[in-house]
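Presented below is the structure to which this report refers.
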Amino acid sequence: MRMVINGIDREVRSSPDTPLLWVIRDEWGLTGTKYGCGIGVCGACTVHLDAAPIRSCAVPIGSLAGRRVTTIEGLSPDGQHPVQKAWVAEDVPQCGYCQSGQIMSAAALLARRPHPTNRDIDTAMSGNLCRCGTYARIRRAIRRAGKDAHDPQPS
Amino acid sequence: MILNRRDFFKVVASSAGLVLALDTRTAGVNKGSRAKGADVRTFAPNAWVRIGSNDEIVIIVDKSEMGQGVLTALPMLVAEELEADWDRLRVEQAPTASVYINPALGAEATGGSSSVRSSYLPLRTAGAAARLMLLEAAHRLTGVAHTRLRAERGAVLLPDGQRFLYGALAQAAAQLPVPRDVRLKSPRHFHIIGKPLPRLDTPEKTTGSAVFGIDVQKPGLLIGVVRRSAVLGGRLRDYDERAARAMAGVVRITRVDGGLGVIAVDTWTAWKALDAIPLRWEEGDGARASTRAIREEYRQAAATEGAIAERRGDARAAILRAPRVIEANYEIPFAAHAPLEPMNCTAHLHDGVCEIWAPTQAQTGAQETAAHLTGLPLDRVVVHTTLLGGGFGRRLEHDFVADAVTLARTVPNPVKVVWSREEDMTHDFYRPYSYHKVQGALDPRGTPIAWRQTIVAASLMRTRDPAAVKNGVDPTAVGGAVDMPYDIPNIEIGYVERDTKVPVGFWRSVADSYTAFVKESFVDELAHAASRDPLVLRRDLLASDLDQRRVLWAAARAIGWGRRRPPGCGLGVAVHKSFGTSMAQAASVRIRSGQLHIDRLVCVCDCGLVVNPNIARAQIEGAIAFALQAALKGPITVEDGRIQQRNFDNYQLLRIDEMPRIDIRLLKNARAPQGLGEPAVPPVAPALANAIFAASGIRVRELPFPAVLDHA
């Protein structure tokens, strides 16, 4: 079967029951997407399936033929997605392990809801665990990204 | 002086193949060893500074980066005295070498909130020595008097405006002797230390390019997975590997310490193979262990004579004589570290060398473990430290390193062992369960005159370094209870060691995580019993610890202490000193229908001089979240010898919607830096418990807090 990963059409060799996470990490060597729990409850493995954030550890690859997947490596060509810039500006990460998942969830939220309320943020981000406790900065970074991304810009 | 040239040459000899380097110019990651021009000469006056004649300035960090910011804070110490250009540095992770032994821990290791504390003078000295040698080189080259030369932003300036980049002086400086006496700057002249500089590792942590242990990739890399007995201390009796061996991609099936390992071409194949192997276990007597039995045993043990950890005056006599005695029992559960990156390690045995890539807090321990398993001498074991996806004390252990080495010995390839979350959660070294019996005596005016506490807990040192347990007291079990800061004339702290089948380890803030809960809750109980304001009583009792008094007072003011609260609302304070740092927490809570709502937390910190306020605040925010999790969620429990929590569905971490508003104040203090990674953990739970009491009259003496707060 084939899938589109970060804009590139690729053959998948792994067996159909393999969770997307392990195809991303082991077969494609994209290690920005992390393993945290394997049961879809920690959010470290969050990627976009089309535009929706999903927990890649809990989705078998067999159900995804022909679909488009975006990982943290494909979020922007140069690490300059508004969410990534906001993350740098607020110096969000500590250990950093959960942050790919956090950023992917935040980017999906902002695409859907450019000016999220605090409640929107909490709802969208409550499935992404951070053991280091960077939550206050995550909230600030999301608000900043929402603002920056929607300042008037040449298009 | 700590500079030792012989040590340094050992370092250089083993520094090939570094896995991690940051570059401030690009603020990104550079993997692998540097591109070295053949004609580049290197000035390396000590183990932390390397200056190439191509003007590449490298600062070497000998602590593990687990989120606490050492890859930024430690280079700041060197750069300050070196007068380096902060925007043009490379930062590299140190290899293993004796020169990098952490004096606070006696090994190459990161823990005990010691990184900045133990590096403050040595790293500044390293930077200053290098600067002096560069200045001397410039003096010899130009004949200009020392007093007229100035080091600034990576160059030596001459009075006529000429500028010699450090790189241009490197070769000449390398010929000079390392100065013995190095005068350090006065903190008044710091222009890097004390600035809230952004972390150097942030950019790579936002693009997915940061390399954690689990991300290590090598040519021919195989994946190893392991499974151990669900029953604590159980052993693998036998297994049937036939079905798994027939599976495509399975390379090896072999025993590891206490369990079974499978090596396969990828992670999912390895797990599927492991699932296909029927395993039979020798459960052993661990199968009888349960939280209920431990609790009962501890409760009884608390009534026995403990070993004396601290004695002032005669607490027993004072309690007998006192007109009023208050008594309470406290219980704090086992807790898991649960770093988001599960245990993992990569090992490769080749050419008579064992190479290890590990997210480890304990390089010396990793090295010794591998040497022991392989029979290789220590200097044939090379440990590369990757980024750590959280540590919190869990990665001071070596069990995951042993797994990687054990499996890698069976194949010529490098093997990366990755634990499942379930293995990680059920085979942690947990924060010990503890039970506390406390008695306090009040004189007729309501002043505490005696404090007697018996602590029942397992010993961390019994299995690690039995000699550290002196006269029956393990100092790591009673830290924070001894050295009582409150001026109470009669104090007795006893310790009863009760080891269980549950493995225990160093969990962020260690014993202080439970002793502070007891101390700060019980002093509140004494205040209420004496009808005194808990803040004022603490202040009065802190007459000989003005640092703690100061942070306490500041936190209480900031939370609005003394103002009347509506019904169901309450304020609480707690203060505690650990790892050299005084930390106060104030909490404002509301209780509605038995549900706790945290409106606000205020944390006031006196950790001495703050090297980087941006990182310091992050550490405090993180420590508070860590403490909130243990106060509100968990616990780890045992039944039939099995840890009952296997993943984040039933061992829940704090979520973003549960993170309260937190205000942090860092008090100014020119004293040398103290610990910061841990000290904000201990006062959180008691500040909340005290606020809950103020709001509801319910005294919580167990962690985590009950899901419903009512008067039942």
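The values are calculated or read from the model by the stated rules, or taken from the named source; none is laboratory data. Because the structure is predicted, anything quoted here is derived from the model rather than measured. Backbone-built Cβ (ideal geometry, glycine too); neighbour counts: all protein chains shown. Accessible surface areas use protein heavy atoms only, side chains included; no ligands, DNA or RNA. Shrake-Rupley method; radii C 1.70, N 1.55, O 1.52, S 1.80 Å.
Remarks
- Two-decimal ratio, the protein assembly as shown, of alpha-carbon radius of gyration to 2.2 N^0.38 Å: 0.96
- Using every pair of distinct Cα positions in chain B, the Kirkwood expression returns a hydrodynamic radius of 27.3 angstrom.
- Percent breakdown of C-alpha pair distances by 5 Å bin, ordered from the shortest bin, for segment B:120-262: 2, 7, 11, 11, 9, 8, 7, 7, 6, 6, 7, 7, 6, 5, 2, 1, 0
- Note on segment B:203-280: the alpha carbon radius of gyration divided by the globular reference 2.2 N^0.38 Å gives 1.31.
- Heavy atoms of A:H115 accessible to a 1.4 Å probe, total area in Å² rounded to 10: 130
- Peptide-level mean, for B:580-591, of C-beta atoms on other protein chains within 10 Å: 0
- Electrostatic tally near B:D663: other residues with Cβ closer than 12 Å to its Cβ, Lys and Arg +1, Asp and Glu -1, net +3.
- Gained length - B:I698 relative to B:R292, 0.36 nm times residue gap less alpha-carbon distance: 143.8 nm
- A simple count of charges around B:I294, restricted to other residues whose Cβ falls under 10 Å of its Cβ and scoring Lys, Arg +1 and Asp, Glu -1, yields +3.
- FRET efficiency, A:H115 to B:D39 (Cβ-Cβ, R0 35 Å, nearest 0.05): 0.05
- Those trypsin sites (Lys or Arg not before Pro) in segment B:442-502 that DSSP places in a loop and that have at most 11 other beta carbons within 10 Å: B:R445
- Most mobile of A:G32, A:G133, A:G40 in a GNM of chain A (Cα contacts under 10 Å): A:G133
- Average beta-carbon neighbours from other chains, 10 Å sphere, peptide B:391-397: 1
- Based on protein heavy atoms only, segment A:36-123 ends up with 37 Å² per residue of surface accessible to a 1.4 Å probe.
- Computed E for B:R665/B:R600 - FRET, C-beta separation, R0 22 angstrom, nearest 0.05: 0.95
- Positive contributions from Lys and Arg (+1) and negative ones from Asp and Glu (-1), summed over other residues with Cβ under 12 Å from the Cβ of B:G480, come out at -3.
- For segment A:82-149, the equivalent ellipsoid derived from the Cα gyration tensor has semi-axes of 17, 13, 10 Å, listed largest first.
- Once you divide the Cα radius of gyration of segment B:222-371 by 2.2 N^0.38 Å, the number left is 1.64.
- Added length on full extension, which subtracts the Cα-Cα distance from 0.36 nm per residue, B:D487 to B:A707: 75.7 nm
- Think of each Lys and Arg Cβ as +1 and each Asp and Glu Cβ as -1; about the Cα centre, that makes the dipole of the protein assembly as shown roughly 1620 debye.
- Look at the stretch B:650-657: the mean tally of other chain Cβ atoms within 10 Å of its residues' Cβ atoms is 6.
- Placing unit charges on the Cβ atoms only, positive for Lys and Arg and negative for Asp and Glu, gives segment B:623-710 a dipole magnitude near 420 debye about its Cα centre.
- Accessible surface ranking that places the most exposed of B:R550, B:R564 first, with a 1.4 angstrom probe: B:R564, B:R550
- Nearest-10 value in Å² for the accessible area of B:K272, using the 1.4 Å probe: 70
- Among B:Y239, B:Y514, the sequence by solvent-accessible area, most first, with a 1.4 Å probe is B:Y239, B:Y514.
- Loss of accessible area when A meets B, both sides summed, Å² nearest 100, probe 1.4 Å: 4200
- On full extension, the segment bounded by B:T304 and B:E368 gains 19.1 nm, given 0.36 nm per residue less the C-alpha separation.
- Summed over qualifying helices (DSSP H, 4 residues or more, each -39500 (n - 2.57)) and divided by its residue number, chain A shows a 222 nm mean residue ellipticity of -9000 deg cm²/dmol.
- Alpha-carbon Debye profile of segment A:32-152, log10 I(q)/I(0) at 0.10 Å⁻¹: -0.27
- Alpha carbon convex hull of segment B:563-674, projected area averaged over orientations, nm²: 9.9
- Residues B:L141 and B:F190, FRET efficiency given R0 of 30 Å [Cβ-Cβ distance, rounded to 0.05]: 0.55
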